[in-house]
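Just below is one structure, and these are the notes that go with it.
The values are calculated or read from the model by the stated rules, or taken from the named source; none is laboratory data. All figures in this text were calculated on a predicted structure; none of them were measured in a lab. Glycine also receives a Cβ, built like all others from the backbone with ideal geometry; neighbour counts cover every protein chain displayed.
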Amino acid sequence: MFARSVYLPIPSLVFCIVLTFQVRGQTPFIQNYPPEAYRGASQNWDVIQGKSGIIYVANNDGVLQYDGLTWRLISLPNKVFAYALTLSPDGKIYVGATNELGYLSRDSSGQMVYASLKPLLDKKVSQIKTVDDVHLAGQKIVFQTREKVFIYEKGRFEVFSFKSRDVFVVGKDVYFRKEQKFLKYHQGKLISSDLLADFTLSELKKIVLIDANKWLLVDYKNQFWLKNKQQIQQIYTPFTKTLGKRRILNIQLLSNERLAITLYQELFILDKNGEIVYQLNQQSGLINTRINNLWEDHQNNIWLATNYGVAQLMINAPITQYTQKDGFLGTIYSLGKHRNYAYVGTNRGVFFRAPTHHSFKRIPGIGIDNWNFYNFNDHLYLANGSGVYEINDSTAKRLARFTYVHALHQLHNFKDHFIVGTYSTGIWLLKKEGDQWVKSKIKGFEQETRFIQEDELGNLWIAHYNKGIYRLTLNTQLDSVIQQDFYDETKGLPSNKNNRIYRQKNGQIVATTTKGFYLYNFVQDRFIPMTALNTALKNQYCVYTFQEDTQGNIYCWLGQDSPQNQETAGLLQKQANGSYKLITNTFNKISVPTNNLRVDIDAPILVLPDGKVWIGNLKKLRIYHPKQTTNVNQPYRVIIRQVQAEDSIIFRYGSLIKGLRLPYTNNNIRIDFSAITYENIEKTKYSYQLSGFQAKWSKWSSDSKVTFTNLPEGKYTLRVKAKNSYNKESLISSFAFEIRPPWHRTWWAYTLYVVGAIVLVFLIVRLNSMRLIKQKMVLERTVQTRTEEIRAQNEELKQNQDEILAQRNYIEDQNKHLVHTNTLVQQSIKSALTIQEALLPFHSRISQFLRDYFVIYLPKDIVSGDFYWIEKIENKIFVIAADCTGHGVPGAFMSLIGHNLFDKIILQQGYHDPAIILDQLHQQVAKALKQPDINNISGMDTSIIVLEPLQEGTTQITFAGARRPLYYVSSEDIQNLQLIKGTRRSIGGIQNTKVAFENHVLTLPQNSILFMGSDGLTDQNNKERKKFGVKRLEKILQHNAHLPLDQQQAAIEKALENHMLGTTQRDDILWMGIRI
């Protein structure tokens, strides 16, 4: 699907198909546990994994136990050394130690305890010296010292005197070598066996059971033999030559018929064909190379017991690595391959790995900052900080000197013509003339150039990390840029940063961006999202680097912004229907934490012909093995390590306690748990749910314990699950317990409560009956006395009733009079409303002057103190919005005065200047209301605009305001609402005449909108007594400015209606909108 020349164009695959790299030089991820980590002796002799998944290590201090979080030491009698361990089918761990043999098992409380088997031995053999090997053979446990063998079966021992080198445990059977005889243990006796009749027994060193029909035999000459039924043939001859005369210490069969072979200073892992998969030593990162024994755990990783510490090899992880111990130095910028050689470019130099080498070596003559490798015409070229180089196997030649070359591109139609992109000097042409390379400057482009591609038309595409993407067209002489086009957010890219340019195999131009993959669309002349890929990415990743394999899968280096803040590798796995599935959990081991998205990222990816993927990860080279069977999706479990109530441990893992019941005083519970997954345990997270107390699972956390305080009585079940570094969830483990109620909430306490309540009720009823009898007698005497008093009062009440009836009749007459009077007043006010409405301009008249407008006119009472005045004189349109003092009838009278004065000032006296009109209005209001004489302060706040059409469709607006502003939105800038404030002075009353009214003149294009009105809209309160407010009004005006005016009017009215819910109108409201 994609091809980018920075790594490998398609033609160079022809000779790279034969390129193979053994894993031998690579190392798996290694987790070392030094003595200070497990707090024990340095020497460890054996290691196994229990049925529960817990790791046990035979140590000089005893037996170490590790559950993924905590190391614990189990001491043996007399604190003797533990040398050997084996696991039996019933879960017991048999231990061989100094003058001691026995087993570990859990007691009823879940504690691992040691039981010695020495008492079962005959006194003659009770001095057993050091048991340095223990094996399981079917139902038999085989303890070995250097001189004796103790076979434990069905509760008794059989003892044989054989040196340890002459004992062979093969599956369920135990064999012995006695001179040239091969003996088999059977029911307490040794019987002759002819299974190895054709093999020289004296040379036999080790037997490894492959399956029921195949044995692997190893002799003292390091030769390997396969016994298959009756045939014995030599195998693994190349590996025998590799070993030479070095001594093999141990051989152990692993899964998939792999072998682990330990020497004094090395560990070999072979595949089933005898090929070396790993060759590990201290240089590989092992804590110690004296490996005394090893174990393959449930996840097919290997644990090593060494002379100094314990090590875990993640050989089943899908990723291995080269580190700087393998020969290269510095931060990796680029990866390349050519013929049978692989290359790593860093900030320190270029390093190569030949097919016969296990490590990298430096290519002499190349300096720092090696940005990219390119394969052109079966040659390998390098973009370097000091120029352009040609790489030939282990040597390099500089073709031309430049300052910071970042990118190269070979022109499609010109052989040996390269475009050279630099950091600070633009682009150059580098072409071959005879045997010489000649460089020349290409004029017209001086930007930093990190990535170069060429489209089908010969245009150059150049990506800039911080600006965007450029498209350049060169002249026929290739010395100048004759056309330059720029692509950024306005041309479809999601950001101007982090854009890199690539070319599809079909010739189309593709950009990797902060939001995934974008394709250049020639018809639209812009970049558009690539749906199939971006759907898988879910718009959550920035794509820095990618490479495609032969199956169409895409390997990427991805970045995530907050809150994830990390970079990681990812696989876009192509599906049968053409879609893609994103896989990132496989690469969690090599993820890098960041602070937001980084820009200048160098994370090269190289897909090898055998399918392996090389990823440059800072100072390490990671190798992803897509074909390797891994433990990524392997199930695992969580164990409840212990439960603590108050200060006491009440449960441990393996305890036989069922149905744990706790007193209420122990209702503060702490529970510790651990996931049996040992890979990157620091990234393991946990979630829990306490059924009976919590309805939902907790959020994921790295905390491996939980505390519940003051739990009420009841039955509970804690369920725990884990999520490992691959985001694989574990099986759910549970722990059930019950908290008993406190004594005062037990059944017998409630019985006492009921009995006590019955007795109390009886006593209360009895005492109350006696009290009632006494009260009855007192009441009877009182009733007689009061009856006489009531008779006398009744006569007096009859007299008062007549007086009250007379007063009621009088009040009814007065009420009828008031109703009549109020009716007359309401009719008068309605008549006044008719008069006021007649004075206001009708729609038919306004429509003659204004082509598009709206008026929101809402009196508080029947009549209003707000009014508007519109008139056209010559080619000028006068529009006035006034807010008079008061509302109702007083305000209406004031509005009549104002309306008449506007007629007089503008129509009769001929004042057309808005500021002069306001000044005249102030003087004539004061005169009409005799304000200087009677100290009357009534008046009004007013806005006046004069609209005068100009040429080319514009309109001049002259505005003056008395404490009222003008809002407007220009049709050329519809996103911004503008405000012109009125003069801080009102009309009428006592005013500071030194403050003069001012005119504001502006010219607006056609379809601009003007807004003005009274303060009744912004001052309207809601039921919480909060005002509608100027900011809310401005926000509504700006948000709806693009709508027709009738929809803007509806938006304002709807917002006002919602604001007024539950309250009444407090003032008259007038608001106008005019489109010019």
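So is D549 in contact with a helix residue (DSSP H, G or I) (Cβ under 8 Å, 6 or more places away or on another chain) and among the acidic types (D, E) or not? Spelling it out, it is not the case that D549 is in contact with a helix residue (DSSP H, G or I) (Cβ under 8 Å, 6 or more places away or on another chain) and among the acidic types (D, E).
For Q265, state whether it is buried (at least 17 other Cβ atoms within 10 Å of the Cβ), of a type outside the set (D, E) and either closer than 28 Å to L201 by Cα or touching a residue at least 24 places away in the same chain (Cβ under 8 Å) (or both). So Q265 does not fit the description; no.
Residues are listed down the side, and each one gets a yes or a no for (1) modelled with pLDDT under 80; (2) surrounded by fewer than 14 Cβ atoms within 10 Å (Cβ to Cβ); (3) part of a helix (DSSP H, G or I); (4) among the aromatic types (F, W, Y):
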site: K830; (1), (2), (3), (4): yes, yes, yes, no
site: T834; (1), (2), (3), (4): yes, yes, yes, no
site: R845; (1), (2), (3), (4): no, yes, yes, no
site: F854; (1), (2), (3), (4): no, no, no, yes
site: S864; (1), (2), (3), (4): no, no, no, no
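Going residue by residue through segment 252-261, is there one that turns out to be in a strand (DSSP E or B), touching a residue at least 12 places away in the same chain (Cβ under 8 Å) and more than 52 Å from the chain's Cα centre (by Cα)? Spell out how you get there, then give the answer.
Looking only at segment 252-261, we keep the residues that are in a strand (DSSP E or B), and these are 252-253, 259-261.
So of that shortlist, the ones also touching a residue at least 12 places away in the same chain (Cβ under 8 Å) come out as 252-253, 259-261.
Applying the additional criterion that residues be more than 52 Å from the chain's Cα centre (by Cα) yields none.
No - not one qualifying residue is present in segment 252-261.
Mind listing whichever residues of segment 1005-1051 are exposed (fewer than 14 other Cβ atoms within 10 Å of the Cβ) and farther than 30 Å from L950 by Cα? Spell out the reasoning first.
Filtering segment 1005-1051 for residues exposed (fewer than 14 other Cβ atoms within 10 Å of the Cβ) gives 1006, 1023-1026, 1031, 1035, 1039, 1042-1044, 1046-1047.
Once the filter is applied, which keeps residues that are exposed (fewer than 14 other Cβ atoms within 10 Å of the Cβ) and farther than 30 Å from L950 by Cα, segment 1005-1051 yields K1023, E1024, R1025, K1026, K1031, K1035.
For A960, the conditions (1) part of a strand (DSSP E or B); (2) surrounded by fewer than 23 Cβ atoms within 10 Å (Cβ to Cβ); (3) touching a Phe, Trp or Tyr at 6+ places or on another chain (Cβ under 8 Å) are fulfilled apart from (2).
Kindly evaluate S687 against the criterion of being part of a loop (DSSP other than H, G, I, E, B) and either out of contact with any Leu (no Cβ under 8 Å at 6 or more places or on another chain) or assigned by TED's automatic domain parsing to the domain that holds N585 (or both).
Numbers: part of a loop (DSSP other than H, G, I, E, B): no; either out of contact with any Leu (no Cβ under 8 Å at 6 or more places or on another chain) or assigned by TED's automatic domain parsing to the domain that holds N585 (or both): yes.
Spelling it out, it is not the case that S687 is part of a loop (DSSP other than H, G, I, E, B) and either out of contact with any Leu (no Cβ under 8 Å at 6 or more places or on another chain) or assigned by TED's automatic domain parsing to the domain that holds N585 (or both).
Name the residue that is nearest to the chain's Cα centre (by Cα), counting only residues in segment 730-740 that are buried (at least 16 other Cβ atoms within 10 Å of the Cβ) and either part of a loop (DSSP other than H, G, I, E, B) or acidic (D, E) (or both).
Step one: list which residues in segment 730-740 are buried (at least 16 other Cβ atoms within 10 Å of the Cβ), which gives 730, 733, 735, 737, 739-740.
Then drop every residue that is not either part of a loop (DSSP other than H, G, I, E, B) or acidic (D, E) (or both), which leaves 730, 740.
On the way: S730: 20, R740: 42 Å.
Top of the filtered list is S730.
T512 meets each of the listed conditions (1) assigned to a loop (DSSP other than H, G, I, E, B); (2) surrounded by 19 or more Cβ atoms within 10 Å (Cβ to Cβ) apart from (1).
Sub-6 Å Cβ pairs linking a first residue in segment 21-34 that is in the same structural domain as I315 (by TED's automatic domain parsing) and over 20 Å from R339 (Cα atoms) to a second residue that is surrounded by fewer than 18 Cβ atoms within 10 Å (Cβ to Cβ) and modelled with pLDDT of 90 or more, at least 6 apart or interchain, number zero. For segment 233-245, does any single residue satisfy the condition of being of a type in the set (D, E, K, R) and touching a strand residue (DSSP E or B) at 6+ places or on another chain (Cβ under 9 Å)? Looking for residues that are of a type in the set (D, E, K, R) and touching a strand residue (DSSP E or B) at 6+ places or on another chain (Cβ under 9 Å), one finds none in segment 233-245, hence no.
Of all the numbered requirements in (1) farther than 18 Å from L121 by Cβ; (2) in contact with a strand residue (DSSP E or B) (Cβ under 6 Å, 6 or more places away or on another chain), L195 misses one, and that requirement is (2).
Of all residues in segment 359-382, those being crowded, with 16+ Cβ neighbours inside 10 Å and in contact (Cβ under 8 Å) with a residue 40 or more places away in the chain number 8. In segment 1009-1034, the residues that are without any contact (Cβ under 8 Å) to a residue 24 or more places away in the chain form Cβ pairs under 8 Å with partners that are acidic (D, E), at six or more places apart or across chains, as follows: K1027/D1019.
Tell me, please, whether a residue that is more than 21 Å from T323 (Cα to Cα), touching a Lys or Arg at 6+ places or on another chain (Cβ under 7 Å) and of a type outside the set (G, A, S) can be found in segment 554-571. For segment 554-571, residues more than 21 Å from T323 (Cα to Cα), touching a Lys or Arg at 6+ places or on another chain (Cβ under 7 Å) and of a type outside the set (G, A, S): absent. Anything in segment 164-210 that is under 26 Å from I261 (Cα atoms), among the hydroxyl-bearing types (S, T, Y) and surrounded by 13 or more Cβ atoms within 10 Å (Cβ to Cβ)? List them, or say none. Hits for segment 164-210 are S164, Y175.
Within segment 558-579, is there a residue that is outside any strand (DSSP E or B), without any contact (Cβ under 8 Å) to a residue 60 or more places away in the chain, charged (D, E, K, R) and within 25 Å of N724 (Cα to Cα)?
Step one: list which residues in segment 558-579 are outside any strand (DSSP E or B), which gives 561-565, 575-579.
Remaining after also requiring without any contact (Cβ under 8 Å) to a residue 60 or more places away in the chain: 561-565, 575-579.
Filter again for charged (D, E, K, R), leaving 561.
Next, only the ones that are within 25 Å of N724 (Cα to Cα) stay: 561.
Yes, there is a match, as at least one residue in segment 558-579 is outside any strand (DSSP E or B), without any contact (Cβ under 8 Å) to a residue 60 or more places away in the chain, charged (D, E, K, R) and within 25 Å of N724 (Cα to Cα).
Select from segment 340-356 the residues that are buried (at least 16 other Cβ atoms within 10 Å of the Cβ) and not in a strand (DSSP E or B) and list them in ascending order.
N340, N347, R348, G349
Among the residues of segment 391-421, those that are surrounded by fewer than 19 Cβ atoms within 10 Å (Cβ to Cβ) and either over 19 Å from F376 (Cα atoms) or among the basic types (K, R) (or both) comprise K397, R398, R401, T403, Y404, K415. Go through (1) hydrophobic (A, V, I, L, M, F, W, C); (2) more than 28 Å from G171 (Cβ to Cβ); (3) modelled with pLDDT of 90 or more and name the single condition I235 misses. So I235 meets the others, but not (2).
Which of the residues spanning segment 417-426 are without any contact (Cβ under 8 Å) to a residue 40 or more places away in the chain and closer than 13 Å to V388 by Cα? Within segment 417-426, V420, T422 meet the criteria. If you go through segment 913-957 and pick out every residue that is in contact with a strand residue (DSSP E or B) (Cβ under 9 Å, 6 or more places away or on another chain) and not in a helix (DSSP H, G or I), you end up with 18. Residues considered: G1013, G953, G961, G910. Of these, the only one that is modelled with pLDDT under 90 and of a type in the set (G, A, S) is G953.
Assessment of segment 485-505 against the conditions (closer than 27 Å to H417 by Cα, in contact (Cβ under 8 Å) with a residue 12 or more places away in the chain and of a type in the set (G, A, S)) yields no matching residue.
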